[in-house]
Every structure is written in structure tokens, then in C-alpha cells.
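Note sheet for the following structure.
The values are calculated or read from the model by the stated rules, or taken from the named source; none is laboratory data. Remember, it's a predicted structure, so these values are computed and weren't measured experimentally. Neighbour counts run over all protein chains shown; Cβ positions are idealised from the backbone, glycine included.
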Amino acid sequence: MTSTSTLRLNGADPTPSRRPLRLGSLKWRQATIGYLFLVPLIAGLLIFRFYAFGYNIWLSFTKAGAFGPPRFVGLDNYRRLLDDSQLVIALYNTVKFAAIAVPGVVVVSLLCALLMQYRFRGESVFRAIVFLPAVCLPTAIILVFGWLFQTQYGLVNAAFHSVGAEPMSWFGSETGVTAVVSIIVVYLSFSVPAIILYAGMQDIPSDVYEAAMLDGAGPVRRFFSITLPLLTPSLFFVILTSTIGILKLFDAVYLLLPPVDHSVSTNYGLTLVYYYYYLAFVDAGQRGYAAAVSLFLLLLILGVSIVLLRLQRRFVHYGEDG
Amino acid sequence: MFTTSRRNIMLGTAALAFSSLATINSAWSAGDVNLSLMIWDPAQKAGVQKAIDAFQAENPNIKISLVQVPPDQYYTKLDASLGAGEGPDVMWQSSKASYYVDGGALEPLTNYIKNDNLSLDAYNKKIVDLYHLDGEQYGVPKDMDAWTFVYNAEKFKKLGVEPPKPDWAWDDMVRIAKEVKAKQTATDVPLYYNFSFNNGVASLTHALGGKVIDGNKGVMSSAAGIKALEMIKGLQDDGLILKVSDSSDFNPVTSLISGKLAMAAIPSWNLSLLSKADLPDGTFQVIRMPSVNGSWTTDTNGLVYVMNVNSKHKDESWKLIKFMTSEKGAVLHAEGGAGLPANNSKAALAAFVKANEKLGGLEAALLNTIDKSYLRTTTQYPKTLTAMPKISASVMGPFYAGTVSAADTAKKLDDLLNEALR
């Protein structure tokens, strides 16, 4: 208040001058060039995001195939959502994979971030291994895992066999599919969170640790009483982004249980995005209903995000400033 | 002087480039037409290319660009391109053709057929009729399916088990599979019988004298339908085929080649994979499916060449379709080894058999099968396509797992078929 009054008394205007741009002036030309640079981005956003999103909403009220104009059917597709047993299976699997894989990603990335704090022999190799899944093609990784877990010739079952254990039908049972998909998802998703958590750990002041050590706190106590609470902003970000990513799971289940095979195991891995893809691009004349399924997924992600943001207020510590 | 020389060189180069362009342009404007042809089966690419080469030799002004799209992406790419009013000039179509006809994406071929006096009697009638929609003919058949049984003769010799005979029956199959099982290592598989509803179960139902759909209603709850379900589950419960839950990543073709599997029901589109395996001639012997109560049958489907309604070169596209499905085109395609010709010509069948001559008994097995086939459920009733994933995962899975009886499974199958047919 004081500073503003002082400025006013001195005759200086605190707000920048808002003179209208004169056509052809240097500022006008600079502004035009600036906006021209923005055109590709804005056009992309308008066409591929906003128009596509709006069109998808319109499509969800129609019966549409690949050709011909969509036919308006009102709320039929939304009514069908309430009575679709495959959607229930897809929802169950999606939530199941998120419930298993998100904690998996958090625990693995936290462990890796902790290990990266220490200096040891082979630390650069370890860091490279941690970051490897982020730079490898996910499709290649998924196919390699598919071969590893192959029932007849897979290395995992060969290892089981060599120690006298019964080989397992990894893709023929719900437990098998859940285990393989969760392992793949965790492996594909932990690298970037590990780097984020490692960066978060660097922000924790060392004097806090020193004070705790002087008070006799051991490494475990320091981790649970200092590292974990002060890391909650990064942890929250990791949990939120991992949850949204895993709720949109598609590639792993699609490659392991391709739709052309009509496998008896498809129901063990059917996720909401896979179901959407099947309806929109494999099945015929179901694009309208597929759009409704995609909007259902949007609401699910929105709901989960709101819950997580609410929980943030209780569990996330942003320090004294925050 | 130097400047002049450089200018001359530049002018000379420009003139040369311009004259080259003019030459190319004059050749182009002389009437060259570029057509695109889209297919999905990698195994058939060689045969299709062979036929294309012959077509181009006969029609030097038409250039064909062959695009083979992976099977699981074929319809996705086709939908995207046709939906945008583009897409290939000529393409393959299968059971989904009616959706493309409804969407106005395909050019009716009736007038072209009439104008050129093309006789459709030259093709398998069942396949021709499939693509006669709304009073128009939309496709000319290129190939058809037939399921035969293949056994690894070397394996039978090694095990000391007498192999199946060409006139075998279901009980023979069960007996032989049990003998193989008793003599081979525990991790090997005696038999592969297609356990899917759309192929194995439906075929056996037809062989038992029943039907899957009658009067536009599912009739799997008949005695034949329930019996077929029980018979195939019996193979699993006796350990003669792999447990269905363990079969999602089991490949009968590679298992036959590796010797892990003794005998298997194999569709015609996979026979070339066996004949191209690096194994001595005669390792694989082909016989018809085993009979039940003296009869046997297998499901069939047929692919056709169709024309894009938006093709800019419809006359040339028709020329290509006519050639590819002619006796000459069918023979050249069959020489590639994959795709049993739908052209009734003896030469086409002979070319297919010759291309797969490493498979003993193939011709007799095919001749015993082709006439006995019936149209696959999803082929005759395309609406049932949407029900198949649910049938496989939600009905057949629990049935083979033993949690649902055959009678209840048949009832669920009828319910899902009826829902799809509505």
C-alpha cells in the first residue's frame, strides 16, 4: 500500500501504458509476426483438439460407421453404457491395472531415486538402466515381454521348469494376464518418475538431515520422517500422472491379446481404451457408441483426478512457503 | 570468359533438365495410369505380385502399386482412407463387404461383368452369391477357405504309431491322439483341433447334421450343437488338445514344423507356411477332416477383389480385377502357394497343389473338402461378427474352463447370436 502510494505521489503510473497499436508501426509488425508464429500451434490445437473433442461429443449422440453421415440417436449410446457387460469388464480391468501398477511405479521409482542419491561403483550403468525404458520403443519392450512369458517356449516358464515348478499359462488366466501386464506397465512407466523423484530429493535441504542425524535419527527414520514428507509434492505429481497414464492403458494389452485372435483371454486384459479402439476401428458401425465410451473414460479420469487433488490438500506438504 | 562459361553450363544443365522433364511428361501423358491394390495377407503377396507382373506386361500403360497392410490394421486403414473419399483403386474384401456397400464405398461391378460377358459360373457359387448385394454384384472371387488335417509323418514314424488314413472318422482321431500321447514326451501335444466357436464348434455342429442359425435365429441349443460342444471339450479334458486356456499363444503351424505337435486342423491359407518349411518332402501329409456319423464338413469364406467407388480409373481397375480373377491370374496367384483359388478352373487348383507339392495327399484332401463346405456363420450372417469377441471371451472361455455346462453354453450362444441378428 505504502509503495503504491509513494509511486503515485512521485507521479509514476504503476500499470504499463496501453496505447493502441498503429497499423504499420514497428510494434504492430512485431505483434503480427508473433501471432503468425503462433498460427500453426493454434491451428493444430483448434483442429486436432477442440474440433476433434467437440466432434467426438456430437458423435456420441449418433449411430456412425466409417462411411456415410452419422444418424442422430439421442441418448441411445449413453443408455447402452448402462447395460453393457463388456464395459463393466473393461472398467474392472482398467481400475485393477491402475490399482496394481500405480503403487508399483511409485515404489520402484522411489527406490531407484533413493539409490541414485548414493555414489557407488557402476552408478552410471545403473542410471542408464533406470532410464532405458524411457528411451526404448514401448512396442519392442512389450513384444519381448510377450516372448519371455510365452507359455510353450518362453524363458520364464523354462526357468520354472528347470527348478521343477509347473509352467504357468501366463496368457490363459486372469492372474497370469494381470501379472504380465502389470510388470510391463511398471517397467515402461518407472523411469521418468524416478528422475522426477530424484530431482525432488535434491530440493530437500541437507541441514534438515544433519539436524536429524544429530538427534540420533537413523536412515530409516530419516527416510520416513524427512524424505517422504518433503517429497510429497513430487510424489503427488508422479501418482497423478501415472494414474492418468495407466487409466489410458492400451498398447500392452493390445499387443499381448490382439483383437484379430478373438482369444478366450481377451476379457482378462480388456481395458476401456482397448474396448474403445475395438468398437471404433475393428467392429463395424459402432463409432457413435465408441465415442460415448471415450467420454465415459474422460469422466472417470476427471473423477479420479478430482479425488487425488482433494487428497493433495491433506497429504502434500509444500513447505512453509507453500 | 569464366562467367560466360559458367552461364553456358547452367543454361545447358537447365535445358537438359527441362528436356528430361518433357520426355517424362510426354511418356506420362501418353496414357499411363497408376493403380493401387491393397491386400492384407503377407503369405499371398508373392502370388499377387506374380499375377500383377503378368498384367503389367499385357498392359504396359497401367502401373500397379501393391500395398500389403498387416491383417490387424487392414480395415482400420481402409476405413480411414475410404471414409476420406480416397483409398486404393482395387482392394480385397471379406465378410465385412456389406458394411462397405451400405456406406456406398464400393463400385457395383454388374455392368462391367455384363459388358464384358464375364461368366460368374467360373467361380465357386457360394462365394459369388455372398457379394451379390442389393441386386448388384460387388466383387469377383479370388480365393476360398478349406480346412484339412495335416499330420507330421516323421513324428508318427519315430513314435511307431500308425498314422491316420484318408477315410478316417472322429473315433479314429481320438484313438490315434491317445496313442501319440502315450508315446511322446509330456510337453508335446498330440492334436490341435480348432476349438473356437466360429470354426471348430460350428463345423462339427454342421457335420453332426445341425445348424448354428436357422430362420435368422441361433439354434445351437439343438442336440447337434450341444454334442459338438461336448465332443471338443472332451478332447481338452482327455488331454489330447492343449487346454484352451493355455492356447492363446499356441501356434499349430510352428508347432507342427518343430515336431512338438503330431497332427492339426489347418486352414488352406496356412498350408503354404508348412510347404515352405525347411523339412524333407512328404514330412507333412494332408487328409480331410475326420467324419462323424459318416459325414464331414468345414466352414468356408471367400475373398473377392472389389473396386473403390471413388477410383479415378474405373475401366483400368476393372481390367485389373478381371485379370486377377481370370484363370490365368488365378494360376499365377496360386503359383505363389498361398490362397486356394475360388476360380473353378482345374489349372488353378493344379497350380496351388503344385506350389505346395511338399504336402503329400493335398489334392485328394482338398477335393474331398471343397464340395462339403458350408458358409462360415460370420460370412453368411455378417451381423454376428460383432458378437464373436464376446462369445470367445465370455462364453467359450468359461465353458472350456468347466464352469458352465454345454447346454447352458449353447443357450448363451443362442442369446448372443439372436442379439446380434436383431
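Some notes on this structure:
- Counted residues, the stretch B:235-293 - those being in contact (Cβ under 8 Å) with a residue 24 or more places away in the chain, within 26 Å of B:PRO398 (Cα to Cα) and part of a loop (DSSP other than H, G, I, E, B): 7
- Residue check, B:ALA351 crowded, with 20+ Cβ neighbours inside 10 Å and out of contact with any helix residue (DSSP H, G or I) (no Cβ under 9 Å at 6 or more places or on another chain): no
- Filtered residues of the stretch B:69-90 (kept if more than 10 Å from every other protein chain (Cβ to nearest Cβ) and under 18 Å from the mean Cα position of the chain (by Cα)): B:VAL69, B:VAL90
- Against the list (1) within 14 Å of another protein chain (Cβ to nearest Cβ); (2) assigned to a helix (DSSP H, G or I); (3) more than 22 Å from the chain's Cα centre (by Cα), the condition A:ALA66 fails is (2).
- Residue tally, condition out of contact with any Leu (no Cβ under 9 Å at 6 or more places or on another chain) and modelled with pLDDT of 85 or more, over the stretch A:296-322: 8
- Taking every residue in the stretch A:22-46 that is over 25 Å from A:ASN56 (Cβ atoms) and pairing it with any residue that is in a helix (DSSP H, G or I), at least 6 positions away or on another chain, the pairs with Cβ-Cβ distances below 9 Å are A:ARG22/A:TRP28; A:TYR35/A:ILE42.
- Taking each residue of the stretch B:35-61 that is in contact (Cβ under 8 Å) with a residue 60 or more places away in the chain and looking for partners that are of a type in the set (Ser, Thr, Tyr) and part of a helix (DSSP H, G or I) with beta-carbon atoms closer than 8 Å, six or more apart or interchain, yields B:LEU35/B:SER317; B:ALA43/B:SER272.
- Residue satisfying all of: in the stretch B:364-422; among the polar types (S, T, N, Q), outside any helix (DSSP H, G or I) and more than 27 Å from B:GLN93 (Cβ to Cβ); nearest to the other protein chains (Cβ to nearest Cβ) among these: B:THR403
- Residues of the stretch A:267-277 satisfying the condition of being more than 7 Å from chain B (Cβ to nearest Cβ), of a type outside the set (A, V, I, L, M) and in a helix (DSSP H, G or I): A:TYR268, A:GLY269, A:TYR274, A:TYR275, A:TYR276, A:TYR277
- Qualifying positions in the stretch B:233-251 - surrounded by fewer than 24 Cβ atoms within 10 Å (Cβ to Cβ) and away from chain A (no Cβ under 11 Å): B:LYS233, B:GLY234, B:LEU235, B:GLN236, B:ASP237, B:ASP238, B:GLY239, B:LEU240
- If you check A:VAL253, A:VAL238, A:VAL264 for being assigned to a helix (DSSP H, G or I), within 14 Å of another protein chain (Cβ to nearest Cβ) and surrounded by 16 or more Cβ atoms within 10 Å (Cβ to Cβ), only one passes: A:VAL253.
Yes or no, residue by residue, for (1) closer than 15 Å to B:PRO382 by Cβ; (2) in contact (Cβ under 8 Å) with a residue 40 or more places away in the chain; (3) not in a loop (DSSP other than H, G, I, E, B):
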site	(1), (2), (3)
B:ASP79	no, no, yes
B:LEU82	no, yes, yes
B:GLU86	no, yes, no
B:TRP92	no, yes, yes
B:SER98	yes, yes, yes
B:ASN111	no, no, yes
B:LYS114	no, no, yes
B:LEU118	no, yes, no
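- Failed criterion for A:ALA165 (all others in (1) hydrophobic (A, V, I, L, M, F, W, C); (2) in a helix (DSSP H, G or I); (3) modelled with pLDDT under 90 hold): (2)
- Filter result for the condition that a residue is β-branched (Val, Ile, Thr), modelled with pLDDT of 95 or more and in the same structural domain as B:ASN293 (by TED's automatic domain parsing), over B:VAL212, B:VAL244: B:VAL212
- Boolean, B:ALA348 is assigned to a helix (DSSP H, G or I), within 18 Å of the chain's Cα centre (by Cα), over 28 Å from B:VAL212 (Cβ atoms) and not assigned by TED's automatic domain parsing to the domain that holds B:PRO267: yes
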